[in-house]
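Visitor: Please see the structure below; I have some questions.
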Amino acid sequence: MGRSHSTMDRYDSRASDRFWQWQAGVAALEKLLAVIHPIEGFLVSFPSLILQDCPLKTYVLLPQGRSLPYLPPSEANPALPAMTLLPLVQGGMSPFGLLLSPEVNLLLVYQGERGLHFSFAPEEIHAFWQQLRQQLPLTDLHAIDQWLASVEMVPPSYRLVSQFGQWLLDYSQPATPPLPVTSIPMAADIRLLQALSHEVRTPLTTINTLIQLLQRQENLPQRTYQYLQKIGQEIQDQISRFNLLSDAAEIFTSPSPKPRLAFGQTHLTELLTTNLARWQKQAARRQVKLVLDYPPNLPFVLSDPASLDQVLTGLVEYYSQTLASESELQLVVQRAGQHVKLELRSPQYKHRSDLAALGHLLLWHPATGQVSLNFQAAKLLIEAVGAKVIQRRDRQAGEILTLYLPIAEDSG
């Protein structure tokens, strides 16, 4: 099969540093086609041709104003595949590649800073196609409409999904941006952090996809479904942990002192009540008891809700692993002037004695083999969600970590 090709960097020169994920996805798709050898089907892509050598009927949706010269130059590629070029008028569409065939169906969507999303799930592919047709009601895609109406898509075998995930991992080679640090050991730590988070999240995402496919099977025993649900939750928790590592690496490599987050009004009471049970279960795994104390009707705060949720989850994880067994972790929330104060307290102050530093940014837990961010890295993540952070020790209350979040002006 010929070399894969993508000209999306011409389409958007501001492609984020996660563009390598899209390149890895296209390479894995090419490998998939080489293995399954489909003889009929379709390949639809936007905003350019993504594979030069494809046996399937190819549709390329072109942005407004683009034409054939936007595709690979004919003198360099004299044998371009037969394709249907469909100009688009409306914008706002994410770059994607869609494979439809009797053997396997796959959706790839590049989501900018969020990276690559892929799915083998028939219902998600159908939903994507329906949404696409709503955006392009007059576009000549009737052949695909008829094909989808005449076949019943089925999920691929778990072996194929797992193999695709491995190809994705093999082809993933993110470029390391320039590091604004003068310390060579610190630069090495950041590269380790980037590699570690990527190498772990990719297979975990593949496993999570497999679990979702298994859960959709008919006549699945209830107990098996519950086991899969627990496994899926554990995997999602681990993905969240390594998302924190990735976020920390991005903050350290950011050219600006603080990352730019779009702060909005965050319903703090709702965030706390929604996540309390999950945080308590998270702490209980390390034999630590989490107690939450907060008044009713907390004001809205200025922060990024998803990032704040992630940071608080990371702090619970940090304290759960650094405190000795049978410790109590208190999260006390109250208003303090024009801020809301969140305090994490550990009255017993019995820190684990077996923790080991792993470079400048990580802690290693020999008993569990787990790796977590140290306080220096965690502090940067806290500041990134708009909070001021103070760490102190009190003879009565033990160690106290205080976060100050600004109150939204119109929240009262």
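Visitor: Please work out whether segment 198-320 counts as rounded, prolate or oblate from its C-alpha gyration tensor, where a ≥ b ≥ c are the square roots of the eigenvalues and a/c under 1.5 means rounded, while otherwise a/b larger than b/c means prolate and anything else oblate?
Guide: On the way: a/c = 1.96, a/b = 1.35, b/c = 1.45.
Here segment 198-320 falls in the oblate category.
Visitor: Okay, next question. If you rank Tyr404, Tyr171, Tyr59 by how much accessible surface each has, with a 1.4 Å probe, what is the order from largest down?
Guide: Tyr171, Tyr404, Tyr59
Visitor: For segment 205-221, what does the Karplus curve 6.51 cos²θ - 1.76 cosθ + 1.60, with θ = phi - 60°, yield as ³J(HN,Hα) per residue in whole Hz, taken in order and with x for Gly and Pro?
Guide: 5, 5, 4, 4, 4, 4, 4, 5, 5, 5, 5, 8, 5, 6, 6, 6, x
Visitor: Per-residue accessible area for Met93 at 1.4 Å probe radius, Å² rounded to 10?
Guide: That residue has around 20 Å² of solvent-accessible surface.
Visitor: Per residue of segment 292-300, in order, report the coupling 6.51 cos²θ - 1.76 cosθ + 1.60 (Karplus, θ = phi - 60°) as ³J(HN,Hα) in whole Hz, putting x for Gly and Pro.
Guide: Karplus-based 3J(HN,Hα) across segment 292-300 equals 10, 10, 8, x, x, 6, 5, x, 5 Hz.
Visitor: Residue by residue through segment 274-288, which ³J(HN,Hα) values in whole Hz follow from phi under the Karplus form 6.51 cos²θ - 1.76 cosθ + 1.60 (θ = phi - 60°), with glycine and proline marked x?
Guide: In residue order, the calculated couplings are 5, 9, 4, 4, 5, 5, 5, 5, 4, 5, 5, 4, 9, 6, 10 Hz.
Visitor: Determine the alpha carbon to alpha carbon distance for each of Lys289/Lys341; Lys31/Lys230; Lys230/Lys341; Lys230/Lys388; Lys281/Lys341 and list only those over 30 Å.
Guide: Lys31/Lys230; Lys230/Lys341; Lys230/Lys388
Visitor: Cα gyration tensor of segment 264-392, axes a ≥ b ≥ c as square roots of the eigenvalues: rounded (a/c below 1.5), prolate (a/b > b/c) or oblate? Mind showing how you got there, number by number?
Guide: Numbers: a/c = 1.99, a/b = 1.52, b/c = 1.31.
Prolate, because a/c is 1.5 or more and a/b exceeds b/c.
Visitor: What's the ranking of 314-320, 44-50 by average number of surrounding C-beta atoms within 10 Å, highest first? The partial results should precede the final answer.
Guide: On the way: 314-320: 22.0, 44-50: 23.6.
Highest mean packing first, the order is 44-50, 314-320.
Visitor: Going highest first, how would you order 22-29, 370-377 by mean Cβ packing within 10 Å? Intermediate values should be presented prior to the final figure.
Guide: On the way: 22-29: 23.0, 370-377: 18.4.
Averaged packing, sorted descending, gives the order 22-29, 370-377.
Visitor: Let me ask something additional. Of the listed peptides 188-199, 225-236, what is their order by residue-averaged count of other C-beta atoms within 10 Å, with the highest listed first?
Guide: 188-199, 225-236
The values are calculated or read from the model by the stated rules, or taken from the named source; none is laboratory data. On a predicted model such as this, the values are computed, not experimentally measured, just so you know. Because the Cβ atoms are built from the backbone with ideal geometry, glycine has one as well, and the counts that use them run over all protein chains shown. Just so you know, the surface numbers come from the protein's heavy atoms only, side chains and all, with ligands and any DNA or RNA stripped out. Shrake-Rupley method; radii C 1.70, N 1.55, O 1.52, S 1.80 Å.
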